[in-house]
Structure formats: structure tokens, C-alpha cells
1. For peptide B:183-193, compute the average count of partner chain beta-carbon atoms within 10 Å of each residue's beta-carbon.
2. Under the rule a/c < 1.5 gives rounded, and otherwise a/b versus b/c splits prolate from oblate, where does the protein assembly as shown land using the Cα gyration tensor?
3. At a threshold of 8 angstrom on Cα-Cα distance, excluding pairs fewer than six apart, so keeping six or more, what relative contact order does the stretch A:25-153 reach in percent?
4. For the stretch A:145-224 and the stretch A:118-136, what is the centre-to-centre distance using only Cα atoms, to the nearest Å?
5. Please work out the Cα center distance from the stretch B:203-225 to the stretch A:244-281, rounded to the nearest Å.
6. Distance between Cα centroids, the stretch A:74-114 to the stretch B:50-100: provide it in whole Å.
7. Angle, helix B:37-52 long axis vs. longest principal axis of chain B, Cα atoms, 0 to 90°, nearest 10?
8. Given Cα pairs under 8 Å that are at least 6 residues apart, what percent is the relative contact order of chain A?
């Protein structure tokens, strides 16, 4: 188990430990054995995702009313870390699906929730979240996709970039502009696969995150029923922002898992690999490296839990803490993963050992859900004000 | 209607280094604990009998004898799908040997009068492999161990059990006590909801007095097995490494090695 029980206030209760243990067991049995192959074949294992969803992992922090599991963000961090030990990419896609599902569950009306949540919770329908555009990433307020009201439909036009799950998802939560320039003009829509005018670009070739599809989502006079509008007109920016705090924790947690797994593989490797007549783990330089890796990870994990607890408690500092956690956890974890690769020597560089894949996957986490530079912008604004 | 009792046990987590406390001769059970992994196969077997309709099961009851912390093992058992659980806990039980434990479990089982008792074939700590058999003896029911396949026809179970060489196929009539091997099934994972709901399922906590169990037959008072000492197992001879340079030659070497030892 990667998650220790801890002592108050850094304490996990019995249920949380069981939850983490279950997710870890699932990752060990069902995800880790396929991870390298899925990466090579660019294969999203939907069957495995649906198995995970049977255990409640498709709508982890959604309300139980329409099929969610009703977990907290701290619980979710434990789950995504555990899944991430199997494969950070599969864990990250599961987290993105969960975020899109949570948006519909939280901001949708009962009719919308009843319509979409059961399918999303079972992952019979996969979810995707579409905010980023060619000219608008973290500066969401500048997004250019438009939605024009026409009778009982909105007509959407524009293109969304870097969309995880594009082409395989059944439900897309899309941010589009219904009003003036600026944040108040943005509205959220649920667009189902198969809607006329919805199409996808070619699958992107990526350094990592290869087991999940990434493509552009194109909207070409895409007619979406008014009933698919999520929340009020102009309420989209608020929904987008609300999703980000949790999305950042999720990505950080997936990184924790990747690095934890890299550390575990390394501890085993240095105990077995012999040079100069003894296992290399007997050399103090190796021991110190392992000690530092474990210490850095424990620091990162402790801070991740703190930020997750702040989000659960609706702490006024939650956005800053989540941004801090995303930045620091994803920076620490890739360093640990890179160190793990180094300690594996030439084997670390070979695909079959899985180390280089973890490094490639975790590299994405310094970029997505807002780059780590943008995290610093958020933190600086929060503590300094807009100087 | 059929009732299944599943015997479960709290054991040290597999990651915990196990040690015998030389002053008491008992296993040091401090540290992280978990539900005995073999018992999860017994629970799964019970659930499969219920869900497949092979038996008309209306209730699966998890039963344990153990310290107060063993409640967690029962929570795990009901999170996996048992309907309720029974916990026998009493200071007088400390130090029970296999026969004493078997007696106490048998008394608990009599209170429930189930049609079938399932158990894991061994515990991950004591590893006696014998508790199921002791329970069967006390109940006067047929007992089968190391069962890896169960087929039901009315009140008759056809069981395949792992024997030293190959498999035995044995028919028993219910009621019976069956301890299962880990090859019998793939235990399911508990869902998030099942984990969160585990504490809401009925859990009956009993002392020896509550269960009308004779305290002189259990614990230190009733034990017949006495620990006298321990020693390291003899070190294994180093294995022989055969480098695979020419596969045909390697195969020949392996065959010759096996042949020398009359293994083929």
C-alpha cells in the first residue's frame, strides 16, 4: 500500500484505506499488466474502464442520486493515485471523465442528470471536456467558439483543441460564447456524439499519454437543443472554473501514482541488480537517492491531501492551494520518475520496463489543467493581488 | 432456502514481516492487518452459488473469532457481499489452538444452523490448513479441504480437491464444511458503495458467555498444542543456472537434469 494511515490531522480512516487498497488492487491486477502495450498500441482499454466503473470509479465524487459514488476529493485523490500506479494515462483519462461527469451532475438540472449520469457513471458513455482552443487555453475568458440561439436550438461553431477522449467519448461538455467578449459571455453545453456538425480532427501524435486519444473537436453549425444547455446562459465560466480546482488535484494525484510506482520498481530493481559483486542497493549513493525520492513523494502526497481537504471543506484558499499542489506535485513526481529511470540504467530507457513511459506520461502533467507557469500566476495573484 | 456461513479471519497484511514472539510462542500480530486473502475466495464461492442460483441462498453470514480489531475483517467480508457478520471476541479466547478455535467456530455455526460452511483452506498467518476440518469434526458433518471446483445438484455437491498428485473428485451431501483453495475463483473487488456501506450491515458481537461456549475448551485453558521452540528452516542449496546459448542444447540439459532426479 502506498497510502499509510498517518496520524491526525494527516489521518486516513478505515474506509479511506479500504478504498485506496481496492483501487490499488484493481490497478495492480487490471491496469499495470496492460499499460506498456496500451501505450505502444495507442489503445484506450474501454473494457477495463467499464470494469472500474462497476466499482464506482466512473462518477467518484458525484451525488449518489443518479449513480455517483458520493466520495470526497480526498477520497478521489487516494483513488487516482492508486490508479496512477497502474498507468498515469489511464488514471488521467478516468479523472477527466469524472470531471465532465461531475459538471453535468453538479450544474445540470434533474432531467439532464437523469439522462446522462447513469451512462457516464457506468462508463457505457465516456465523457470529454472541451475548453481549450487554438487561441484560448488557460485564458478561458478569451475563447472564440460561438453558440447562437436559433429557436429551440443553439448553433455552435468553432474548434476545441487537445481534447482527451475526442472521437471515443459519447458526451462532450463544451464551453462556447453566447454573449459578449469576456467571462460572462460563456455558456456550457452538453453535446452528444453523432450530433450533426460535430466532428473530430486527426488523432494527435504525442510524447506520452498515448493510451488515451487526443484530437480536436470541430463544431460546424452544430445544432444543440436548448435542453442541453448546462446552467444559465453566461454561467459557463463559473462552471469551468469550478471544475479546475478538482481537475488539478486529480492530475496531481495521477502523477503521485506514476512516481510511486516508479519508486517501487526502483526499490525492487536495486535490490536485484548486481554490480561489483553486490546488489547496487547496498551502495550508499543509491540508498540516499531512494531516501530522497521517498521523502519528496511523501512531501508531495502530504500537500496533495491538504489541498484536497481544503477543497472538500470549501476553504476560501482552495483555488490557491489546488494550484500550488498541482504545480509542486507534478514537478516533484516527474523528477522522481526521471531519477527512477536513471537508477535503472539502460533498462530504464527500454520501453518494456515501463519507466520511460512513466516519465513521458508525467511530462504531460506539468502542462495540462493549466501549465505549471499558469499555476504560479494563480498563486501570485491570490497572495499579491493584481499588482 | 439455504444459508451459507463463511469463516473468516483477520491476519497480518502480506507486507508485514511475520515473527513469532519467543516468550509466548505466538505469532506477533501487531502492525497492519487485513482479511485473510484465502477467505475472500470462500466469500466469492458463496456469492457465486447465490448469484448463479445453483443454491437457493437467502443469506451469507461471515463469522470470525478474534480480537476487537477483527471487526475490520468482517467489514471487508460484508463489503465483498456477505449479508451480515458475527464476531466472537473474548479475552479467554487468547491463545486458542486449532482445535479450540474449531470448537468455538462450531458452536457459533450451530446457533446459525446453516446448510453449508465455506472457509479459506489456510490462513495467511498460522497456515495450519486444519481449522475447516476441526469445525467439521465438531459438527459431525463431512469436511473437505483444498477444494477448487464446486458443482451443485440439489443437496449434493461434487467437489474437486487438490491432492498431492492430481485431483480427487468427491461427492458430499449437505450440510458440509468445505475449505477452498485460491484456484477456485477470482474474488471480486468491493465497490466504493459497498465499502462505505459495510458498517451499516448487521454485526453481532458475542462473548463466550453470550454464545454459551465452554471457556475451559478454548484459549490457554483448553489448548493441547504447546509451543516448545523454533528454528530456521534449513537453507536451500543454490540452484543450477543453465545459460541459454543454443536452445536445443539447453533443452537437452534441462531434460537430463530432470531425468537424473527421476522427475520425468
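Throughout, read-outs are computed from the coordinates displayed, never taken from laboratory work. Treat the numbers as computed from the prediction; the structure is a model and nothing was measured. All Cβ positions, even for glycine, are placed from backbone atoms using ideal geometry, and neighbour counts span all protein chains on display.
1. 5
2. prolate
3. Once normalised by length, the contact order is 24 percent.
4. When both Cα centres are located, 9 Å separates them.
5. About 47 Å separates the Cα centre of the stretch B:203-225 from the one of the stretch A:244-281.
6. After rounding, the separation between the Cα centres reads 34 Å.
7. Relative to chain B, helix B:37-52 is tipped by roughly 70 degrees.
8. 16 percent
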